[in-house]
Amino acid sequence: MEVISLSFPAKAENIRIARTVVRNFLLLKKVFEEDIFDTELALDEAVSNIIVHTYKKDESKYIVMTLTWKDDKNELEILLRDFGPKVDPSKI
């Protein structure tokens with residue numbers, strides 16, 4: 001198992017940095033280009049949602065991205081941590 005963490009300000013331009021880190025990591029793991037593209041797309045959407053909906057575009061906030069590569073499954077887990085207000089699951 002490999003774990004990489006990255007903390008970055010919640011700015012739209014930093015989505016590209018997060019995407020580049022994930023892309024390069026997956027290239028090192030020899031993941032298919034189509035799977036890399038799909039992962040980048042999901043990451044873009046998730047980070048954008050944090051910036052727009054959780055932080056209301058407050059660029060003073062941070063996002064922590066943790067990548068966990070699971071060798072036994074040849075799988076990447078991406079955890080995005082925000083520090084916004086908690087959401088009541090019953091209201092979703």
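Output the residues belonging to the stretch 50-64 that are of a type outside the set (Gly, Ala, Ser) and either exposed (fewer than 13 other Cβ atoms within 10 Å of the Cβ) or within 11 Å of the chain's Cα centre (by Cα) (or both).
Correct list: 50, 52, 53, 56, 57, 58, 63, 64.
Restricting the first residue to the stretch 69-91 and requiring it to be in a loop (DSSP other than H, G, I, E, B), which pairs with a second residue that is among the β-branched types (Val, Ile, Thr) and surrounded by 12 or more Cβ atoms within 10 Å (Cβ to Cβ) meet a Cβ separation below 6 Å and a spacing of at least six or different chains?
82/50; 82/54; 82/63; 84/54
Could you grab me the full set of residues in the stretch 13-49 that are more than 22 Å from residue 82 (Cα to Cα), surrounded by fewer than 14 Cβ atoms within 10 Å (Cβ to Cβ) and among the aliphatic types (A, V, I, L, M)?
Answer for the stretch 13-49, where residues must be more than 22 Å from residue 82 (Cα to Cα), surrounded by fewer than 14 Cβ atoms within 10 Å (Cβ to Cβ) and among the aliphatic types (A, V, I, L, M): 27, 28.
Does the stretch 65-83 hold any residues that are more than 16 Å from the chain's Cα centre (by Cα) and not basic (Lys, Arg), and which are they?
71, 72, 74
All but one of (1) under 22 Å from residue 83 (Cα atoms); (2) at pLDDT below 95 hold for residue 72, so report the exception by its number.
With respect to (1) under 22 Å from residue 83 (Cα atoms); (2) at pLDDT below 95, residue 72 is out only on (1).
So is residue 25 among the aromatic types (Phe, Trp, Tyr), touching a strand residue (DSSP E or B) at 6+ places or on another chain (Cβ under 7 Å), part of a helix (DSSP H, G or I) and over 25 Å from residue 58 (Cβ atoms) or not?
It is true that residue 25 is among the aromatic types (Phe, Trp, Tyr), touching a strand residue (DSSP E or B) at 6+ places or on another chain (Cβ under 7 Å), part of a helix (DSSP H, G or I) and over 25 Å from residue 58 (Cβ atoms).
Any residue in the stretch 42-66 that's on the phi > 0 side of the Ramachandran plot: show its pairings with residues that are surrounded by 13 or more Cβ atoms within 10 Å (Cβ to Cβ) and not hydrophobic (A, V, I, L, M, F, W, C) at Cβ separation under 9 Å, as long as the two are six or more apart or on different chains.
56/84; 57/11
Looking at the stretch 1-31, which of its residues are in contact with a Leu (Cβ under 9 Å, 6 or more places away or on another chain) and of a type in the set (A, V, I, L, M, F, W, C)?
3, 4, 6, 15, 17, 18, 21, 22, 25, 26, 31
The values are calculated or read from the model by the stated rules, or taken from the named source; none is laboratory data. These figures come from a predicted structure and were not determined experimentally. So basically every Cβ, Gly included, is an ideal-geometry build from the backbone, and we count neighbours across all protein chains shown.
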